[in-house]
Amino acid sequence: MNEFRMPSLGADMEAGTLVEWKVAVGDRVQRGEVVALVETDKGIIDVEIFTEGVIESLCVEPGETLPVGTVLAQLSGAGAEAEAEAEGTPPPEPARPAKRDGAAPAVVHQHPDADTPTATDALGADTHATVGARRRATELGIDVMQLTGTGLDGRVTLADVEVLAGFANGDTVVQLPAEPATDTRDTPAAAMRRAIAAAMTRANRDIPHYALFRDVDLSRALDWLTAHNEGLPPDQRLLPAALLAKACALGLRRVPALNAYWIEGDLQPVESVHLGWAISLRGGGLVAPALHDADRLPLPELMHRLADLVGRARRGGLRSSELSEATCTVTSLGDRGADGVVGVIYPPQVALIGIGRIAPRPRVVGDAVVPRPQATVSLMGDHRASDGQTGGRLLDIIDDLLQEPERL
């Protein structure tokens with residue numbers, strides 16, 4: 001008998017709330033299958049299983065909040081990968097989860113506040129409330145669209161529905177507020193902020209960071225992008241974020257010392273490049289889910305997956321593998337961001353790539369000083385795992401690739 005436990009979805013996660021089981025006793029599960037929905041400070045997460053077998057028992061009921069490592073279910077016939085999961089670490093190189101049946105194709109838009117794409121799909125009212133809130137509202141006969149949410153991005157949470165249920169039943173202890181509470185200490189956004197603060201404080205304390213910077217001329221990349229997008233409908237156009245992400249991923253493939261984990265005092269390179277992409281949430285906070293195998297994706301597919309990832313991050317719907325398998329994170333500040341960024345490495349990763357806004361700046365070309373669109377690319381490295389020469393080589397490669405965008 002093997003155990004499926006509450007997974008760790010990042011260094012800043014201590015507990016999660018089981019929202020829904022996607023399996024029942026007697027079901028056979030395969031690696032990469034979504035078996036449960038768990039709510040964390042980062043939102044509702046589709047939790048995958050990295051083993052296979054038959055569900056013998058479900059040990060936890062929906063609605064329970066449990067610490068990482070708690071046994072959620074027991075399986076028979078499971079493989080050795082369950083042991084790795086039980087220890088709180090993902091097994092090496094799990095198979096990529098298959099696309100969810102019935103998923104609507106993402107449509108790419110330019111977000112007004114960033115160079116990062118957003119995505120829309122056919123979820124409709126589902127984006128207004130969490131999965132648990134929608135289910136409970138259906139049980140109680142409540143129109144969830146009429147509720148004011150207190151969750152991230154104004155989403156209706158399970159707690160919001162329960163408040164209304166208590167009010168409707170004459171519960172004198174619970175009162176339905178006309179607006180979200182002004183005391184934000186216990187809101188989901190505040191909880192996420194505390195989780196981020198704890199993780200980044202530990203990272204700043206434990207990781208000896210070094211910082212490198214490179215101003216990259218993006219003239220050729222942007223000219224190529226304009227030519228590529230000419231005549232294409234908006235949902236098929238590429239954004240600069242796709243070129244930047246691909247250049248970073250290819251660079252990491254060629255500098256494996258920075259595409260790695262630092263675990264128990266040892267550097268553990270990872271063969272695949274799962275590029276973490278930092279995404280700011282409109283209600284506050286951020287997540288950095290992984291673009292799996294980003295170095296191997298053609299640019300149109302990478303653009304599509306990036307847009308889908310941003311959309312699901314902001315409405316809730318990330319998968320556990322996306323939150324636990326990033327091998328190096330990129331934080332891109334977008335067109336309206338700052339010129340550069342000095343980030344904090346997210347453990348157990350050993351590097352973080354920062355990209356400032358693209359803006360015209362003076363550059364020496366031959367004997368002349370001319371304005372060129374440029375971005376400052378930064379590299380934060382873990383000095384336990386690498387030195388400045390290694391980080392500088394990565395920045396060199398990224399720069400070179402962006403001078404020949406047709407190679408991406």
Legend entry - Inter-part distance where region 271-301 and region 187-242 are each reduced to a Cα centre, Å: 9
Legend entry - Low-density loop positions, trypsin sites (Lys or Arg not before Pro), region 359-408 - DSSP coil, at most 14 other Cβ in 10 Å: Arg384
Inset, instruction - Could you tell me which of rounded, prolate or oblate describes region 248-405, using a ≥ b ≥ c as the square roots of the eigenvalues of the alpha-carbon gyration tensor, with rounded for a/c under 1.5 and, failing that, prolate when a/b is larger than b/c and oblate otherwise? - result: oblate
Inset, instruction - Determine the shape class of region 314-357: with a ≥ b ≥ c the square roots of the Cα gyration tensor eigenvalues, call it rounded for a/c under 1.5, and otherwise prolate if a/b is greater than b/c, oblate otherwise. - result: oblate
Inset, instruction - First select every other residue whose beta carbon is under 9 angstrom from the beta carbon of Ile55; then total the charges, Lys and Arg +1, Asp and Glu -1. - result: -1
Inset, instruction - Using 0.36 nm per residue of separation minus the Cα-Cα distance, give me the extension gain between Arg254 and Phe213 in nm, one decimal. - result: 12.9 nm
Inset, instruction - Note down the relative contact order for region 354-407 as a percent, whole number, built from C-alpha pairs under 8 angstrom at least six residues apart. - result: 26
Legend entry - Estimated FRET transfer efficiency when R0 is 35 angstrom, pair Glu301-Ser76 (beta carbons, to 0.05): 0.40
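Values in this text are rule-based calculations from the coordinates and carry no lab data. Quick caveat: nothing in here was measured; it's all calculated off a predicted structure. As a convention, Cβ positions derive from the backbone with ideal geometry for all residues, glycine included, and neighbour counts pool all protein chains shown.
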